[in-house]
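Working notes, beginning with the structure itself.
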Amino acid sequence: MSIIESEPAIVAPPLHAVPDAIPWRRPLPRGLVGRPRLVRRLADAPDAGVAVVVAPAGYGKTTLLRQWEETDPRPFEWVDAADAAHLDAPSSPSVRVLDDLHLHGPGTLRDVARLVGRPVPGCLLVLASRTAPRLAVGRLRAEGALVELGTDELAMTELEAGQVLRQAGLVAGPDVVATLTRRAEGWPAGLVLAARSLRDERDIGAAAARFAGDDRLVADYLREEVLSHLSLEELDFVVLTSPLGDLSGPLCDAVLERQGSGRVLCDLARSDLLLAPLDPCDERFRYHPLLADMLRSELRRAEPEHELEVHRRASVWHEQQGDDDQALEHAIAAGQLDRAGELMWALAGAHVGAALAAPIERWLTGFRDEHIAARATLALTAATAGVLGGRRDAAERWTGAGERMLAGAGR
């Protein structure tokens, strides 16, 4: 019976839920941060169900499953996915873990798919992988028999991040912890690498503010654990599109002057890459900021002019789509001062009506005073920001400069 024809089953409450105060069987190993909120999610998975844990390298998937094993009364059976076709029904409630599913080929995946399609009473099947396995789980999801943990769930909270940083040797205050958690977006491996990179710095706060994906420790990890799995074509794609913020198929097609980027993005999002979808339809994506930093650094070393060209093409594409804000952002990044000035002056009117100085001030930070003084549209935009911000001197200075340039152009 198809999923459309069947009604979701009523699932009984789990019998093996982990209490709020998790009773670890053994003390956690040194350097390991407990993750009880995720352990409870897994422990609450129903018998005869499936739990899927999918995230790129460095998110602590196996470590989390080992922590769960330490708290759950059921026996755990760690099974090589290649043996999935030969498993017998368990004699009592148990948890079967198929780890590193991404290392196996299509034949093994077909065997795993059969297991998923025929749940065994009393047996919870757990699949852990760096890549999203192509399995039919729609029925299980509708019946409430599927637990899914992905990158968002495995990302560390600030509290967890603070513990990771301390155990990795970095003594940091709340502001530094918040900065690094934000920069790493809770990626556990990124936090550990940040701690190791910064722990000998004299000014931890300043070093944390500068921390980026071009840090040598982070870049080495990304090359070895993330990018090494890509084909040459995929590697070219991610490097050449790294200057972009939000990625979409049409935008990447326009920037790369090719077709088929939408499919490439969807495939990469399912792979072991730090690429996250931004909408439920898989039309917009973005690279993890540390990965984007690292890729842009590689691009600047190999083809420094290409980054500017990407921004030029992206600016034109966004303007054609009616997105003047993004067109302006890319024009500034491309160093197209005249074009940026025209776009900025055209947009300034809308912000004047809303009495919003902040967006204009942010745009102007991309220009030095001599750049503004040499272009009437930039000078008048700066004057507008001065008026909105209540800075009379700036308003008069840039108004005078803009009017002089316009008068000179009239002659």
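The values are calculated or read from the model by the stated rules, or taken from the named source; none is laboratory data. A quick note: this is a predicted structure, and the numbers were derived from the prediction, not measured. Here the Cβ positions follow ideal geometry from the backbone for every residue, glycine too, while neighbour counts run over all protein chains shown. Each accessible area value is taken on the protein alone, full model and side chains, heavy atoms only, with ligands, DNA and RNA left out. Shrake-Rupley method; radii C 1.70, N 1.55, O 1.52, S 1.80 Å.
Mind listing just one residue for me: the one in the stretch 93-112 that is part of a loop (DSSP other than H, G, I, E, B) and under 27 Å from HIS229 (Cα atoms) and, of those, nearest to the chain's Cα centre (by Cα)?
Looking at the filtered set, the residue picked out is ASP100.
If you take the residues of the stretch 170-191 that are open to solvent by 40 Å² or more (accessible area, probe 1.4 Å) and touching a residue at least 24 places away in the same chain (Cβ under 8 Å), which of them is farthest from the chain's Cα centre (by Cα)?
The qualifying residue farthest from the chain's Cα centre (by Cα) is VAL171.
Could you check the stretch 174-218 and list, in sequence order, the residues that are outside any helix (DSSP H, G or I), closer than 16 Å to MET294 by Cα and of a type outside the set (Asp, Glu)?
TRP187, PHE211, ALA212, GLY213
Among the residues of the stretch 192-206, which ones are in contact (Cβ under 8 Å) with a residue 24 or more places away in the chain and surrounded by fewer than 19 Cβ atoms within 10 Å (Cβ to Cβ)?
Selection gives ARG196, ARG199, GLY205.
Only one residue in LEU274, LEU308, LEU278, LEU265 is of a type outside the set (D, E, K, R), under 14 Å from the mean Cα position of the chain (by Cα) and open to solvent by 40 Å² or more (accessible area, probe 1.4 Å). Which one?
So the residue among LEU274, LEU308, LEU278, LEU265 that is of a type outside the set (D, E, K, R), under 14 Å from the mean Cα position of the chain (by Cα) and open to solvent by 40 Å² or more (accessible area, probe 1.4 Å) is LEU278.
Take the residues of the stretch 139-169 that are outside any helix (DSSP H, G or I) and in contact with a strand residue (DSSP E or B) (Cβ under 9 Å, 6 or more places away or on another chain): which is most open to solvent (accessible area, probe 1.4 Å)?
For the stretch 139-169, the residue satisfying everything is GLU148.
Of the residues ALA132, ALA136, ALA128, only one is in contact (Cβ under 8 Å) with a residue 40 or more places away in the chain, part of a loop (DSSP other than H, G, I, E, B) and under 30 Å from HIS288 (Cβ atoms); which?
It is ALA132.
Is it true that some residue in the stretch 231-252 is in contact with a helix residue (DSSP H, G or I) (Cβ under 7 Å, 6 or more places away or on another chain), over 18 Å from TRP187 (Cβ atoms), assigned to a helix (DSSP H, G or I) and open to solvent by 50 Å² or more (accessible area, probe 1.4 Å)?
Checked the stretch 231-252: at least one residue is in contact with a helix residue (DSSP H, G or I) (Cβ under 7 Å, 6 or more places away or on another chain), over 18 Å from TRP187 (Cβ atoms), assigned to a helix (DSSP H, G or I) and open to solvent by 50 Å² or more (accessible area, probe 1.4 Å).
Select from the stretch 281-305 the residues that are of a type in the set (Lys, Arg) and surrounded by fewer than 18 Cβ atoms within 10 Å (Cβ to Cβ) and write down the one among them that is farthest from the chain's Cα centre (by Cα).
Restricting to residues being of a type in the set (Lys, Arg) and surrounded by fewer than 18 Cβ atoms within 10 Å (Cβ to Cβ), the top hit is ARG301.
Among the numbered conditions (1) in a helix (DSSP H, G or I); (2) open to solvent by less than 10 Å² (accessible area, probe 1.4 Å); (3) in contact with a strand residue (DSSP E or B) (Cβ under 7 Å, 6 or more places away or on another chain), tell me where LEU115 comes up short.
Here LEU115 meets the rest and fails (2).
Looking for something within 16 Å of the chain's Cα centre (by Cα), closer than 15 Å to ALA57 by Cβ and in a loop (DSSP other than H, G, I, E, B) - is there at least one such residue anywhere in the stretch 220-230?
Yes, because at least one residue in the stretch 220-230 is within 16 Å of the chain's Cα centre (by Cα), closer than 15 Å to ALA57 by Cβ and in a loop (DSSP other than H, G, I, E, B).
Please state which of the following conditions LEU32 fails to meet, knowing it meets all the rest: (1) aliphatic (A, V, I, L, M); (2) more than 15 Å from LEU149 (Cα to Cα); (3) in a helix (DSSP H, G or I).
Among (1) aliphatic (A, V, I, L, M); (2) more than 15 Å from LEU149 (Cα to Cα); (3) in a helix (DSSP H, G or I), LEU32 violates only (3).
Applying the selection to the stretch 387-398, what residues are surrounded by fewer than 22 Cβ atoms within 10 Å (Cβ to Cβ) and assigned to a helix (DSSP H, G or I)?
VAL387, LEU388, ARG392, ASP393, ALA394, ALA395, GLU396, ARG397
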